[in-house]
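Peer 1: This is the structure I want to talk about, given as structure tokens.
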Amino acid sequence: MIIVLKTNATPEQINHICDKVKELGLTPQVSKGVERTIIGVIGEEDKLRVKPLSTFPGVDSVVQIQRPFKLASREFKPEPTIFDMGNGVKVGGKKIVVMAGPCSVENLDMLVRIAKRVKAAGATFLRGGAFKPRTSPYSFQGLGEEGLKYLREAADQTGLLVVTEVMDPRQVELVSRYTDMLQIGARNMQNFDLLKEVGATKKPTLLKRGLSSTIKELLLSAEYLLSKGNFKVMLCERGIRTFETATRNTIDINAVPVVKNETHLPVLIDPSHGTGKWAYVGSIAKAAVAAGADGLMMEVHDNPEEAKSDGDQSLLPERFDQLMKELKPIAQAVGREI
Ligand code: PEP
Ligand code: MN
């Protein structure tokens with residue numbers, strides 16, 4: 001349920017409504033839009049029926065949200081979410097954000113080398129896994145905290161932001177200390193305890209779509225983050241499981257317009273995991289920009305043959321550089337920058 005306020009509603013009236021909502025055991029979420037302020041009410045909506053909220057001073061109307069996801073819906077927030085990373089980098093704005101780096105953090109040298117190359121090519125985030133969700137327990141599991149330190153060091157040396165995966169609710173505090181954006185991986189999209197813990201940090205978060213999850217399920221997982229008061233959320237389409245075996249996954253390019261229609265949250269495409277092969281990454285990155293994606297995440301490695309994970313889908317730095325140049329006119333054609 002959302003409470004739409006009158007344009008001239010005063011802060012006192014807003015506080016009064018929030019207090020009443022809390023008294024009923026529900027949680028109010030105030031969203032100040034350009035044209036109007038609305039209060040989202042989270043919890044068992046039946047409780048609200050006992051108070052005729054529409055009669056409260058400052059209230060214009062009370063609207064039932066039909067979608068299963070509430071705070072993530074366009075009904076709750078019609079205008080797109082744009083959030084600042086604190087250093088002037090805006091996610092969801094005119095400029096498409098690019099996150100690039102190796103699949104796994106392997107050592108500091110390689111990370112600094114790659115960070116310099118992706119920064120020079122125009123990336124704003126350094127990606128890299130320190131805690132890796134591997135299918136086999138015998139595969140490289142990541143460097144853990146040491147990897148987080150390397151990420152921070154390489155990003156600070158090059159002026160990039162860090163995005164890295166957190167897999168375990170017990171490690172949210174540790175990973176938060178070193179990163180600018182927390183990543184929830186595809187395999188953890190429905191780890192609801194992790195979502196709650198990450199939501200409570202209020203740190204910018206990248207939520208990846210599960211391997212076999214619907215867009216509705218993705219948005220309900222985002223709702224977990226939003227309902228904890230974390231609105232700095234970006235969604236990521238990274239390919240889903242289909243009957244096709246020519247590529248590692250099938251990128252659901254439909255997800256870009258569908259997500260943008262259903263929600264105000266920015267959406268990003270990961271063509272590396274989406275295809276599994278570096279030779280296809282460029283085509284899908286271009287399609288993503290043309291379709292209106294707000295960001296791209298790509299794996300880059302300067303020695304893919306020796307990469308500890310996902311070498312097959314990693315671009316060489318020079319190929320990444322070339323792709324970034326090729327993306328510019330496409331971004332421009334759809335009114336964006338990269
Ligand atoms: C990653 O981006 O490092 C990753 C493991 O991706 P996904 O969760 O999409 O498989
Ligand atoms: Mn990977």
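Peer 1: Report the FRET efficiency, 1/(1 + (r/R0)^6), for residue 193 and residue 79, where r is their Cβ-Cβ distance and R0 is 45 Å, rounded to 0.05.
Peer 2: 0.90
Peer 1: Provide the net charge surrounding residue 13, with neighbours chosen by a C-beta distance below 12 Å and charges set as Lys +1, Arg +1, Asp -1, Glu -1.
Peer 2: -1
Peer 1: So how tilted is helix 145-158 from the main axis of the chain? Cα-based, degrees 0 to 90, rounded to 10.
Peer 2: For 145-158 against the chain, the angle is about 90 degrees.
Peer 1: With each pseudo-label sitting 7 Å past Cα toward Cβ, what's the residue 306-residue 177 distance in nm, one decimal?
Peer 2: My value for the distance between the label points is 3.1 nm.
Peer 1: May I pose another question? Run the accessible area of the chain with a 1.4 Å probe and give the carbon-and-sulfur part as a rounded percent.
Peer 2: 49
Peer 1: Just subtract the alpha-carbon distance of residue 136 and residue 245 from 0.36 nm times their residue separation and send over the number in nm, one decimal.
Peer 2: Roughly 37.3 nm would be gained on extension.
Peer 1: If I fit a long axis through the Cα atoms of helix 278-291 and take the longest principal axis of the Cα atoms of the chain, what angle between them do I get, 0 to 90°, rounded to 10?
Peer 2: It works out to around 30 degrees.
Peer 1: How many angstrom separate the Cα center of segment 95-112 from the Cα center of segment 5-26?
Peer 2: About 45 Å separates the Cα centre of segment 95-112 from the one of segment 5-26.
Peer 1: Would you work out the relative contact order for segment 108-236, in percent, from Cα pairs under 8 angstrom that are 6 or more residues apart?
Peer 2: Answer for segment 108-236 is 19 percent.
Peer 1: About the Cα centre of the chain, how large is the charge dipole given +1 on each Lys and Arg Cβ and -1 on each Asp and Glu Cβ? Please answer in debye to the nearest 20.
Peer 2: Using Cβ point charges on Lys, Arg, Asp and Glu, the chain gives about 580 debye.
Peer 1: For Cα pairs less than 8 Å apart in space and 6+ apart in sequence, what is the mean separation divided by the residue count of the chain, i.e. the relative contact order in percent?
Peer 2: Across the chain, relative contact order equals 15 percent.
Peer 1: Let me ask something else about it. Any idea how far apart residue 316 and residue 7 come out in nm if each label point goes 7 Å out from Cα toward Cβ?
Peer 2: Distance between the two pseudo-spin positions: 5.9 nm.
Peer 1: Same structure, new question: Could you tell me the calculated FRET efficiency between residue 15 and residue 156, based on Cβ-Cβ distance and R0 = 35 angstrom, to the nearest 0.05?
Peer 2: Efficiency for this residue pair is about 0.30.
Peer 1: Roughly how many Å² is the accessible area per residue of the chain, as a whole number, for a 1.4 Å probe?
Peer 2: 43
Peer 1: Calculate how steeply helix 317-333 sits against the longest principal axis of the alpha-carbon atoms of the chain, using the helix alpha-carbon long axis, and give the answer as 0 to 90 degrees to the nearest 10.
Peer 2: 40
Peer 1: Please give, to one decimal in nm, the separation of the simple spin-label points placed at residue 337 and residue 64, each 7 Å out from Cα toward the Cβ.
Peer 2: According to this spin-label approximation, the distance is 4.6 nm.
Peer 1: What are the aspartates and glutamates whose alpha-carbon lies under 16 Å from the alpha-carbon of residue 260, with same-chain residues fewer than 8 places away excluded?
Peer 2: 75, 79, 217, 223, 237, 252, 294
Peer 1: Assuming R0 = 35 Å, what is the FRET efficiency of residue 326 and residue 145, from their Cβ-Cβ distance, to the nearest 0.05?
Peer 2: 0.40
Peer 1: Hey, if you put +1 on the Cβ of every Lys and Arg and -1 on every Asp and Glu Cβ in the chain, which of 104, 295, 160 ends up farthest toward the positive end of that dipole?
Peer 2: Value computed over the given set: 295.
Peer 1: Going 7 Å from the Cα of residue 217 along its beta-carbon direction, which residues of segment 177-191 have the amide nitrogen within less than 18 Å of the resulting point?
Peer 2: 184-191
The values are calculated or read from the model by the stated rules, or taken from the named source; none is laboratory data. Please read all numbers here as calculations on a predicted model, not as lab measurements. Here the Cβ is made from the backbone with ideal geometry for all residues, glycine too, and neighbour counts use every protein chain on show. Heads up: the accessible areas ignore ligands, DNA and RNA and are worked out on the full protein's heavy atoms, side chains in. Shrake-Rupley method; radii C 1.70, N 1.55, O 1.52, S 1.80 Å.
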